[in-house]
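Have a look at the structure below, then the notes.
The values are calculated or read from the model by the stated rules, or taken from the named source; none is laboratory data. Everything numeric here is computed off the predicted structure, so don't read it as measured data. Don't worry about glycine lacking a Cβ; one is built from the backbone with ideal geometry, like all the others, and counts go over all protein chains shown.
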Amino acid sequence: MAMGQRVGNAMILSIESSCDDSSIAITEIVTKKLIYHKKISQELAHSVYGGVVPELASRLHAEALPHILSECEPWFSQLKAIAVTNEPGLGVTLIEGVTMAKALSISLGIPILPINHLKGHIYSLFIEKEAIFPLTVLLVSGGHTQLIEVKSYTEMETVATTMDDSYGESFDKVAKMMALGYPGGPLIEKLAQSADASRFAFTVPLWQSPLIAFSYSGLKNQVRLAVEANERSAYPDIAAAFQKTATEHLLQKLKKYFKSHPPVRLAIVGGASANLYLRERMLELLRPHNAELLLSPLEYCSDNAAMIGRAAIEAYQMGHSCHYKSISVNPRCKL
Ligand code: KG4
Ligand code: ZN
């Protein structure tokens, strides 16, 4: 170490490319300070297709990541490891980030930290902060709807998951039916504002089932029928009824789960955790339990490299670094 250089200056560069956001961050290991963070989102490019086109996403990462990386050179000498999302996600986009991580690892002579994207979402709660556990986490994103009990970085147990589509994905599909664009979450949430959520009555998925699990394919079909049977002017009311039912489903299952596992601290993470209606309804659900609700700042709810960098600090301190030859890409891996 150079004379006078603080230990806190040791940094990790993190890369995220699991779906349609190209992002790089630099985080100080000891202080957890976020030194640099940039994200180039591809939303506009995919919007015309109503969803992410993997090959297009891959090509756009190949353009955007080197562009962002060129701004990170001033910190190269302080880097101790390169963190990269290697699971789960789209195979053709994960490989873009992993290939860049390998090239950096070879050229800078430092190891790689493979990071699970879902752990990254959980650590989006703790950017520039100490982590607090134990924690019950509801992860709602485009790819996942999961209830997870988290005791530490290495002790995470999925206690409920979706049987088909995810919460965020169902917003994307409803937005596509209405030809609103992509991503559907913010578009549906906006359309539903000040609309009448009671004009259309959709059945809450699995409401009679004792299972603690999620399902959105049936609700999606109910919405499709309503969209097909009505004029555009009814779309705001359909969007509001859909958002209410989709969220009610999460709440009903959580309520059931809380009977055997009373909540102390619950967090909502993932892109769809930005939904303000969901946040409000969750606060109502937790009030009688006197439980705390943890949320990530809005800018870190959707995919970003800052959360990967924050998770990577834990991985680094636990010695999870690996040689560039041994990192694998696992598109389907869960937690
Ligand atoms: O976490 P994320 O950026 O990517 C994945 O890991 O999947 O989540 C993206 C998902 C998309 O499905 C998007 O429609 C949804 O999060 N989303 C929302 C909202 N903002 C984003 N869903 C509902 N309401 C929102 N406000
Ligand atoms: Zn994500």
- Message: Here are the criteria: (1) surrounded by fewer than 20 Cβ atoms within 10 Å (Cβ to Cβ); (2) of a type outside the set (Ser, Thr, Tyr); (3) within 16 Å of ligand 1 (Cβ to nearest atom); (4) not assigned by TED's automatic domain parsing to the domain that holds SER215. Tell me which single one GLY120 does not satisfy.
- Response: (1)
- Task: Report, by residue number, each residue of region 89-117 that is surrounded by 18 or more Cβ atoms within 10 Å (Cβ to Cβ) and within 16 Å of ligand 1 (Cβ to nearest atom).
- Result: GLY89, LEU90, THR93, LEU94, GLU96, GLY97, ILE115, ASN116, HIS117
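Give LYS244, LYS259 a once-over and let me know the one that is more than 13 Å from ligand 1 (Cβ to nearest atom) and over 19 Å from the mean Cα position of the chain (by Cα).
On the way: LYS244 fails: more than 13 Å from ligand 1 (Cβ to nearest atom).
Residue meeting the stated conditions: LYS259.
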- ASP165 within 16 Å of ligand 1 (Cβ to nearest atom) and not hydroxyl-bearing (Ser, Thr, Tyr): yes
- The residue that is farthest from the chain's Cα centre (by Cα), considering only those in region 59-88 that are surrounded by fewer than 18 Cβ atoms within 10 Å (Cβ to Cβ) and among the hydroxyl-bearing types (Ser, Thr, Tyr), is SER77
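Residue by residue, here is whether (1) over 17 Å from GLU16 (Cβ atoms); (2) within 16 Å of ligand 2 (Cβ to nearest atom); (3) not polar (S, T, N, Q); (4) not in a helix (DSSP H, G or I) holds:
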position: SER273; (1), (2), (3), (4): no, yes, no, no
position: PRO288; (1), (2), (3), (4): yes, no, yes, no
position: LEU293; (1), (2), (3), (4): yes, no, yes, yes
position: ASP303; (1), (2), (3), (4): no, yes, yes, yes
position: ILE313; (1), (2), (3), (4): no, no, yes, no
- Note on the structure: Apart from one, (1) surrounded by 15 or more Cβ atoms within 10 Å (Cβ to Cβ); (2) in the same structural domain as SER105 (by TED's automatic domain parsing); (3) on the phi > 0 side of the Ramachandran plot all hold for CYS322; the odd one out is (3)
- Message: Against the conditions (1) at positive phi; (2) crowded, with 18+ Cβ neighbours inside 10 Å, where does ALA179 fall short? Just the number, please.
- Response: (2)
- Query: Name the pairs: first residue in region 193-213 and in contact (Cβ under 8 Å) with a residue 40 or more places away in the chain and at positive phi, second residue surrounded by 13 or more Cβ atoms within 10 Å (Cβ to Cβ) and of a type in the set (A, V, I, L, M), Cβ to Cβ under 8 Å, at least 6 apart or on different chains?
  - Reply: LEU206/ALA213
